[in-house]
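Enquirer: Got a structure here, written out as structure tokens. Questions coming.
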């Protein structure tokens, strides 16, 4: 599979070297595939696309969504790429080149990373898989969120059914005391040191502290962590271990974060190692 992908990329690259054109903003490009009558990219659209990005002179890989076939969404009016996107249709594939300094200044708004100079050209190889208007993307997001909400609700009820006896707070946080002590109680503002493991309700681990690495340290009640943690830690005493079942509205909410999807209830096993006053 990797050999086929490498061969495909090589053919695409060779094609890109022939008869390129230039946009009004100075982007050199080559459209490899296009279909008459296909939907044209319009101002305000959201594009779903795959993208392979390299530094031209070193061939250093910066990004590749083709490898795992995971298209992502990007505004058609993206600051650096908008002028080339406006020339494309649904189903098009193209190669284009952008000055590194322009790309990082206009799009990323950050300094050039190590190994990339201001004179380098960044090579993009893209394939447009779909195009959505603002109204269409909003409808798509709502349908997706509805699926997330239904999936989470079913998983939450199933977990509760299999784990009877969890205590419930007024906010909806549920917890089980795995290990109780007579240690120092946590209050808002206390600095705490914890070990933890975070999983989805199907048991998949998404984050945890590990042996040989620092424990997690933060101040409780100062919005340094999700709401369920701030509340749950204030139920604990030094030396205790709790299992916290945190509903999505006390976790990462309707947007999610990193590996956490929207509307995801989460499970944490938390060991309170140390409590310090303000």
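The values are calculated or read from the model by the stated rules, or taken from the named source; none is laboratory data. Every value quoted in this text rests on a predicted model; they were computed, and no experiment measured them. Neighbour counts run over all protein chains shown; Cβ positions are idealised from the backbone, glycine included.
Enquirer: Output the residues belonging to the range 22-51 that are surrounded by fewer than 14 Cβ atoms within 10 Å (Cβ to Cβ) and out of contact with any strand residue (DSSP E or B) (no Cβ under 6 Å at 6 or more places or on another chain).
Expert: 24, 25, 26, 35, 36, 37, 42, 43, 44, listed by residue number.
Enquirer: Spot the failing condition for residue 255; the list is (1) out of contact with any strand residue (DSSP E or B) (no Cβ under 6 Å at 6 or more places or on another chain); (2) in a helix (DSSP H, G or I), and only one is missed.
Expert: (2)
Enquirer: Can you work out which of the residues in the range 208-219 that are in contact with a strand residue (DSSP E or B) (Cβ under 6 Å, 6 or more places away or on another chain) and surrounded by 15 or more Cβ atoms within 10 Å (Cβ to Cβ) is farthest from residue 164 (Cα to Cα)?
Expert: The selected residue is 219.
Enquirer: Moving to a separate point now. Is it true that residue 173 is exposed (fewer than 12 other Cβ atoms within 10 Å of the Cβ) and modelled with pLDDT of 95 or more?
Expert: no
Enquirer: Something else: Quick check on residue 274: is it surrounded by 14 or more Cβ atoms within 10 Å (Cβ to Cβ), within 18 Å of residue 178 (Cα to Cα) and modelled with pLDDT of 95 or more?
Expert: In short, yes.
Enquirer: Just a yes or no: is a residue in the range 229-251 on the phi > 0 side of the Ramachandran plot, in a loop (DSSP other than H, G, I, E, B), without any contact (Cβ under 8 Å) to a residue 40 or more places away in the chain and surrounded by fewer than 21 Cβ atoms within 10 Å (Cβ to Cβ)?
Expert: Within the range 229-251, none of the residues are on the phi > 0 side of the Ramachandran plot, in a loop (DSSP other than H, G, I, E, B), without any contact (Cβ under 8 Å) to a residue 40 or more places away in the chain and surrounded by fewer than 21 Cβ atoms within 10 Å (Cβ to Cβ).
Enquirer: Turning to a different aspect of this structure: Just checking, does the range 98-105 include any residue being closer than 25 Å to residue 129 by Cβ and either at pLDDT 90 or above or touching a strand residue (DSSP E or B) at 6+ places or on another chain (Cβ under 9 Å) (or both)?
Expert: Among the residues of the range 98-105, at least one is closer than 25 Å to residue 129 by Cβ and either at pLDDT 90 or above or touching a strand residue (DSSP E or B) at 6+ places or on another chain (Cβ under 9 Å) (or both), which makes the answer yes.
Enquirer: Let me ask you something else. Taking interchain pairs and intrachain pairs at least six residues apart, which have beta carbon atoms under 7 angstrom, with the first residue in the range 94-112 and under 11 Å from residue 80 (Cβ atoms) and the second at pLDDT below 95 and in a helix (DSSP H, G or I)?
Expert: So the pair list comes out as 96/84.
Enquirer: Okay, next question. Hey, among the residues in the range 60-73 that are touching a helix residue (DSSP H, G or I) at 6+ places or on another chain (Cβ under 9 Å) and surrounded by fewer than 16 Cβ atoms within 10 Å (Cβ to Cβ), which one's farthest from residue 49 (Cα to Cα)?
Expert: Per the stated criteria, the residue is 67.
Enquirer: OK, next. Scan 76, 94, 16, 6 and give me the residue that is at negative phi, surrounded by 15 or more Cβ atoms within 10 Å (Cβ to Cβ) and modelled with pLDDT under 90.
Expert: 16
Enquirer: Shifting gears a bit: Within the range 190-212, can you find the residues that are at pLDDT below 95 and farther than 23 Å from residue 257 by Cα?
Expert: 211, 212
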